[in-house]
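The structure appears right after this line, and notes come after that.
What follows is calculated from the coordinates using simple rules that are stated; it is not laboratory data. As the structure is a computational prediction, the values presented were derived from the model and not from experiment. In this analysis, Cβ positions are derived from the backbone assuming ideal geometry, glycine residues included, and neighbour counts consider all displayed protein chains.
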2 protein chains.
Amino acid sequence: MEGQRLIVVGGVAGGASCAARARRLCEKCEILLFDRGPYVSFANCGLPYYVGNVIVEERKLLVATPHLFKERFNIEVRTKSEVTAIDREKKVVYVKDGRTGETYTQAYDSLVLSTGAQAVRPPLPGIDLPQIFELRTIPDSRKIREAIGYASSALVVGGGFIGLEMAENLARRGLSVNVVELSSQVLPPLDPEMATFAAEHLKSHGIRLVLNNGVARFDLEGNNRILATLNSGEQIQSDIVVLAIGVRPETTLARQADLRLGRHGGIQVDDSMRTSDQNIWAVGDVIEVRDIVTGEWELMPLAGPANRQGRIAAESIIRCHQGREARPQTFRGVQGTAVCGIFDLTVAMTGASEKKLKRAGFKNVEKVYLHPGHHVAYYPGAKSIHMKLLFDASSGRVLGAQAIGEAGVERRIDVISMAIQNNATVFELEEAELCYAPQFGAAKDPVNVAGMIAANCVRGDLELADWNDVDRADVQVVDVRTPAEYDKGHMPQAVNIPIDEMRDRLDELPADKEIWLVCEVGQRAYYATRLLLQSGFQVKNLSGGMRTYSTIHNR
Amino acid sequence: MEGQRLIVVGGVAGGASCAARARRLCEKCEILLFDRGPYVSFANCGLPYYVGNVIVEERKLLVATPHLFKERFNIEVRTKSEVTAIDREKKVVYVKDGRTGETYTQAYDSLVLSTGAQAVRPPLPGIDLPQIFELRTIPDSRKIREAIGYASSALVVGGGFIGLEMAENLARRGLSVNVVELSSQVLPPLDPEMATFAAEHLKSHGIRLVLNNGVARFDLEGNNRILATLNSGEQIQSDIVVLAIGVRPETTLARQADLRLGRHGGIQVDDSMRTSDQNIWAVGDVIEVRDIVTGEWELMPLAGPANRQGRIAAESIIRCHQGREARPQTFRGVQGTAVCGIFDLTVAMTGASEKKLKRAGFKNVEKVYLHPGHHVAYYPGAKSIHMKLLFDASSGRVLGAQAIGEAGVERRIDVISMAIQNNATVFELEEAELCYAPQFGAAKDPVNVAGMIAANCVRGDLELADWNDVDRADVQVVDVRTPAEYDKGHMPQAVNIPIDEMRDRLDELPADKEIWLVCEVGQRAYYATRLLLQSGFQVKNLSGGMRTYSTIHNR
């Protein structure tokens, strides 16, 4: 690589990682990093919290400056420099200097595109009103912070991760907040019954959710207020609007250069992050990635994978030029691990959701719900973790997990993430040896319990009923909680036989139809399931009990 | 199993799990659970916190009562009933009823021993003084709680997990606390330089540690105070003494029955938990287990594995009697995952420590130290996690990890625990896709960073120096921090060349000896390592930087 020039376009996450890694691997090559914005390597994931004034100082968002890149890594950073075109034949890029307005060419030996994604901005009437913001850059967040000075209400368009982070942070600044979401749930990567927990939590913090609805038009009302008219006809007034509808890959440059794109519109790369041009690599939100669970290509803009991709592109470029083949790194794909804080609630997931598995044509998917405490109940302060685990009903392979609660949520998802990465089964979750002391967990950790229930199912010790079929006439639902619990609220179709009386009341149970057992969280129903199965009844378990019922019923 | 009788001896953790699991697998057999104490299924891990009044009500420690066992599981529990002997030929046990003093026989078809461990109680002069306590049972903790009423000082003998939990909880109750530990460090399962963090933290909370010392004798001083004379001659006065020296397997019954014991004195079992008698199983603290990392048999009293063992014994007993072979469960061994809270510090580990690997004869073990924040630095409140990762230098197989810090510690250890369970390498840690949002972690999570450093090492991009050799004369230590940082404190043998000036000052570096690079936590030294390696120098990295140096230097 001696004397060769590497050009990186886009200086956040993947691009910055790539440039720095390339320097560590090769001291002698020339590395140039272009960004059309004023900053490189800034903390875009922190922007909502800068708006919320949790992060007070803007400079904290600058992870590395051009000066640092130069001093420490001998990398030349050119900000406000937009690469407008690539001449693949000549191996040059055209760079427009934002300061002078002039365009110049720069030759490369290797080129990395890390152009990221841009906010989706639907062409609605009024979309360009100055009170309508998006949040992709530091200047974006600065504008919203300024607007908060005069605003007392906000409309967030989009109920995904960023939308909810924005809603929380605007509420934290004292604004009254509406969130409009086109689909039937918040946090679309989650399954709907799990997203219900998040929706309820938002409402309990005074945020109003409008689901199954989108904005049709924006109008200025008075001097400063925005009137949003929804598809339903409902109108919402607010001082500011933040668009968080999602992002799409910024492929202007890739399309100009005629690089191959995937069917979702992202750049197609191989497992070394190389594009259809052998001298051009691409990383980060601009590319399509393969989901390691479903095997399908998709767009999944995540910071962790972007960093990994940057490192792998650098390896590919430098090592291959050096002719060094030691342990070539390849990108293994993404598994969709994500986490979101919503006030004091944590929502996290890894692997595929049930709906994604369905879309991908997976058969034989089974799921369990559970609500274990984040640590033992006898130690004060235990909080429930609402979990859903998806797995293959035959092999037990773990396919995905979602968890929501006030403590210990990201920890359990991370453990299951590592299990999925290793192609582990529910039996491995059952046997996991995790940290336990009373204030940290339980001898049977939530991950173990999820694995145990699922393993019981795969082993055939437990058959799970489908919550969607609870109204079937040929089924008798039996609630095994105490009469006091039952009286406080139960499924209309359920009769009550407490678990502790079950052995004496077997004659009350129907021998000719399926019995579906329910309790508060699933444990007692499981005990009853085993009891009744061995007594010759046809029995299934309603996993997750009444706590899951209420989310499914409410959604 | 219809009509067969299963007897379980010992009703905590493994025994209780085994009995309940057996019932779930077999409704028709008879299950009898004996315990010599007044309670079954109590939360022994919670006892220190009951002493500390964190857990206020004693009844919270009773996870399940004999009544519940009867009602819910149709399991007959007999407390205050000590099984004194086994007649293996006749398949009967002799039970001494603590209420009547009489002994009767009870026949079994299958027998499970879950007799646990007993506190080590060295035969020292004065050991039986009434102010000297141990903490294995609810009555033990009740006695200490009563004693706290008149006590203002305590001596804890033993600086392991339980000893330190006791020290914290006694300090929480306002007592001044001394801890005496025979070895040169607290928390002996950890490596000494990692234990230093815990020791410093204890001291900062006013607890005095006396290492490398043991108690030679106890004497009564005045009416109520205990004078402990240490091996060194030092004398410590205190109102109460708590023994937390460790435990040994309670094998009285097993020895009487001539069951095969292992070389550490625990019962030997196969991977179905079966003893040398085909009708007798054993689980929990009374057995020897195989360490899945080192392959060696050892004693490792842990609650999680005890529960797993109980389940597996039940499976083995019931399924084999039923002639059912579906997915026979076997015990995979233990990996030593453990966690301990010490005031606001969390100490956790999984897999083997460096000293254990050495004892087991492992060659080619490499280690990295790091001190990442538990989440990104730009989000307020980031706390350092001090980590040590042990791995095979050739294959990259993860062998063990230790971590200490105020937040997010158990989460990272749990992820690495799942990695070890799956025989993962440091490359899998490098590529792990973990939960990231600013308040939850980093795009490069501490687990990723540990994996990256280790992977760099296995790939040959980075060679690690051994902290134990820093005084070698044929080595030049170069500190690459800023002059301001260097001036605040540095290794005496280190010269200072800041990383950002390195490229211009290569001529100051010796070409004829090894250069060992150090910075604050290891990152800048790594950058410098890559720079110098490619410039032809012989370079190694002092992993973990000055923060690791200070713990090694202080220990």
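Details
- Förster radius 60 Å - calculated FRET efficiency between A:K383 and A:E89 (Cβ-Cβ, nearest 0.05): 0.50
- Trypsin sites (Lys or Arg not before Pro) lying in DSSP loop within the stretch B:384-486, provided at most 16 other Cβ fall within 10 Å: B:R472
- Here's how it looks for B:L464: its modeled amide H is under 5 Å from those of B:N541, which are all 5 or more places away or on a different chain.
- Gain in span if fully extended, B:D128 to B:D219, counting 0.36 nm per residue against the direct Cα distance: 31.7 nm
- In nanometers and ordered shortest first, the copy-to-copy spacing of the A:P139 label point, defined 7 Å from Cα toward Cβ, is 7.7.
- Those trypsin sites (Lys or Arg not before Pro) in the stretch B:260-317 that DSSP places in a loop and that have at most 15 other beta carbons within 10 Å: B:R260, B:R263
- The distance linking the stretch A:1-58 with the stretch A:431-463 is 42 Å (Cα centroid to Cα centroid, whole angstrom).
- Tilt relative to chain B, helix B:14-25 - C-alpha long axis, 0 to 90 degrees, to 10: 70
- Cα→Cβ-extended label distance, 7 Å offset, between A:T105 and B:L62, nm: 8.7
- Cβ charges +1 (Lys, Arg) and -1 (Asp, Glu), total dipole of the protein assembly as shown, debye: 140
- Charged neighbours of A:E82, selected by a Cβ distance under 9 Å, balance to +1 (K, R count +1; D, E count -1).
- Nearest-first distances (nm) between copies at B:R217, label 7 Å from Cα via Cβ: 9.9
- Other-chain or far-sequence residues with amide H under 5 Å of A:L220's (modelled H): A:L227
- Summing Cβ point charges (Lys, Arg +1; Asp, Glu -1) relative to the Cα centre of the stretch A:404-555 gives a dipole of roughly 160 debye.
- Within the same chain, aspartates and glutamates fewer than 8 places from A:K80 are excluded, and of the rest, those with a Cα less than 13 Å from its Cα are A:D35, A:D97, A:E102.
- Note on chain A: helix-only mean residue ellipticity at 222 nm, from DSSP H runs of 4+ residues weighted -39500 (n - 2.57) and normalised by residue number, equals -8000 deg cm²/dmol.
- Full extension of the segment from A:L227 to A:E508, taken as 0.36 nm per residue of separation minus the current Cα-Cα distance, would add 95.1 nm.
- Note on B:Q235/B:Q538: beta-carbon distance plugged into 1/(1 + (r/R0)^6) with R0 of 51 Å gives a FRET efficiency of 0.45.
- Placing unit charges on each Cβ (+1 for Lys and Arg, -1 for Asp and Glu) gives chain B a dipole about its Cα centre, and among B:V334, B:V293, B:P249 the Cα reaching farthest toward its positive end belongs to B:P249.
- Selection from A:V120, A:T482, A:L259 lying farthest towards where the dipole of chain A points positive, charges on Cβ: A:L259
- Copies compared at A:E76 - label distances in nm, ascending, label defined 7 Å from Cα in the Cβ direction: 8.9
- Two-site label geometry, A:Q256 and A:N423: point separation in nm, points 7 Å out along Cα→Cβ: 4.3
- For the stretch A:344-459, a simple Cβ point-charge model (Lys and Arg +1, Asp and Glu -1, everything else neutral) yields a dipole of about 520 debye relative to the Cα centre.
- Cβ-based exposure ranking for B:V247, A:V447, B:V215, in which fewest neighbours within 10 Å come first: B:V247, B:V215, A:V447
- In chain A, the longest principal axis of the Cα atoms and the axis of helix A:192-204 are about 80 degrees apart.
- Listed pairs B:K383/B:K488; A:K383/A:K540; A:K70/B:K540; B:K91/B:K356 exceeding 30 Å between Cα atoms: B:K91/B:K356
- Neighbour-count ranking [beta-carbon atoms within 10 angstrom, fewest first] of A:M491, A:M452: A:M491, A:M452
- Per-residue Cβ neighbour counts within 10 Å put B:V112, B:V177 in the sequence B:V177, B:V112, beginning with the fewest.
- Among the GluC sites (Glu not before Pro) within the stretch B:21-113, those in coil by DSSP and having at most 13 neighbouring Cβ atoms inside 10 Å are B:E57, B:E89, B:E102.
- Distance between the pseudo-spin-label points of A:D344 and B:R121 (7 Å out from Cα toward the beta carbon): 4.5 nm.
- Förster radius 22 Å - calculated FRET efficiency between B:N279 and B:E76 (Cβ-Cβ, nearest 0.05): 0.65
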